[in-house]
Amino acid sequence: MPAISTALATEKLAQRVEQARPSELVEIHSELFAEKPTPFRLAASDDVYQP
């Protein structure tokens with residue numbers, strides 16, 4: 001797997017987070033902060049939220 005710079009990785013993650021559904025944000029948080037529990041739970045209906 002090719003390595004990318006921290007700046008490029010940060011930019012790619014920021015772009016994806018902007019488009020993510022609430023349930024995906026929980027997964028992203030869990031991956032980035034595996035040692036910390038997810039601070040909230042989502043109901044299934046939260047996944048269809050459109051701002």
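The values are calculated or read from the model by the stated rules, or taken from the named source; none is laboratory data. Please read these numbers as outputs of a predicted model, since none were measured by experiment. Virtual Cβ from ideal backbone geometry, glycine too; neighbours counted across all protein chains shown. The accessibility values were calculated without ligands, DNA or RNA, using every heavy atom of the protein model including side chains. Shrake-Rupley method; radii C 1.70, N 1.55, O 1.52, S 1.80 Å.
Annotation: residue 42 fulfils all but one of (1) part of a loop (DSSP other than H, G, I, E, B); (2) modelled with pLDDT of 90 or more; the unmet one is (2).
Every listed requirement among (1) open to solvent by 80 Å² or more (accessible area, probe 1.4 Å); (2) assigned to a helix (DSSP H, G or I); (3) modelled with pLDDT of 85 or more is met by residue 4 save one, (2). Within the range 22-35, residues that are closer than 17 Å to residue 12 by Cα and part of a helix (DSSP H, G or I) have Cβ atoms under 9 Å from residues that are among the basic types (Lys, Arg) and open to solvent by 80 Å² or more (accessible area, probe 1.4 Å) in these pairs: 24/16; 28/16; 29/36, counting only partners at least 6 apart in sequence or on another chain.
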